[in-house]
1. What does the charge count around H70 come to, taking other residues whose C-beta lies under 12 Å from its C-beta (Lys +1, Arg +1, Asp -1, Glu -1)?
2. Over region 3-217, what lengths in whole Å, largest first, do the semi-axes of the equivalent ellipsoid take, defined as the square roots of 5 times the eigenvalues of the alpha-carbon gyration tensor?
3. Taking K and R as +1 and D and E as -1, what net charge do the other residues with C-beta under 14 Å from the C-beta of M184 add up to?
4. Ranked highest first by average number of other Cβ atoms within 10 Å, how do 52-64, 201-213, 71-83 line up?
5. Would you mind checking which residues have amide H under 5 Å from Y130's amide H? H placed 1.01 Å from N; only 5 or more apart, or other chain.
6. How about K193: which aspartates and glutamates have a C-alpha closer than 12 Å to its C-alpha, ignoring those fewer than 8 places off in the same chain?
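Nothing in this text is a laboratory measurement; each read-out follows from the coordinates by a stated rule. What you see is a predicted model, and the numbers here were worked out from it, not measured in a lab. In this analysis, Cβ positions are derived from the backbone assuming ideal geometry, glycine residues included, and neighbour counts consider all displayed protein chains.
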Amino acid sequence: MSGFLGSTVGKKYLMGITGLIWAGFVLAHMAGNMLIFVSADAYNSYGHALTSGNIIYVAETVLVLALIVHVYTAVSLTINNRAAKDQRYAVAASGKKRSTLASRTMAVQGSIILVFIILHLITFKYGVHYETNVKGVPMRDLARLMEEVFQQPGYVIWYLVALILLGFHLSHGVGSTFQSLGLMEGTYRNTWKKLSYGYAVIVALGFIAQPVYLFLFH
Ligand code: HEM
């Protein structure tokens with residue numbers, strides 16, 4: 001990449017915007033999944049409606065491209081940052097200058113989340129294809145697959161760990177993007193900060209409720 005998009009600031013923008021695309025997706029995904037609390041039929045009909053049209057292919061292409069750009073810019077910025085830090089400081093910053101644990105471990109969180117996404121797609125999207133019938137319409141029984149997967153404590157624990165990391169990643173990532181976009185200055189600084197934090201908590205807790213509910217009550 002060359003020009004503005006290849007510069008550090010350009011990469012930060014690209015990383016932030018592609019991150020926001022995924023942030024929008026996970027919020028919608030979490031909210032849609034809540035139908036599992038209503039009934040298996042409601043959940044399956046929703047999944048069927050989403051995957052029946054062509055819009056799914058557009059959404060999938062945008063998500064894959066956004067993920068590639070997000071990972072590429074993140075790796076590139078991390079490498080540049082490390083090289084710059086090695087040259088500049090002999091002693092690590094401490095006290096107020098020291099960044100939070102969540103911000104210092106963004107790369108580690110991101111790597112684990114990437115592994116999570118790949119395994120998640122293998123488990124669900126490309127997992128066992130049960131069939132069901134809702135009001136005469138044949139469709140995939142994803143609710144049954146979800147119930148089976150989350151009967152297994154190992155899966156539940158792995159999802160809890162990954163979703164807590166996702167919460168930290170979202171909170172710091174969305175906050176930093178607002179900062180890059182210049183929203184963290186002036187009167188509304190605290191509002192944007194609270195918004196990114198509240199959003200991350202809602203997404204993480206909303207997702208966590210699903211495997212926990214299926215494990216305990218199915
Ligand atoms: C409790 C947490 C979660 C549950 C129960 C869940 C459930 C599911 C299910 C059942 C599918 C299959 C949908 C289909 O093929 O029609 C799916 C797809 C997917 N999930 Fe999740 N999900 C969870 C969390 C996440 C998280 C945290 C991410 C991302 C960080 C994510 C990313 C995706 C993606 C990218 C797809 C594929 C969408 C597509 O291309 O059709 N999921 N999820």
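1. For residues surrounding H70, the net value is +2.
2. Rounded to whole Å, the semi-axes are 36, 19, 17.
3. It works out to a net charge of +3.
4. 201-213, 71-83, 52-64
5. For Y130, the qualifying residues are D141.
6. Correct list for K193: E185.
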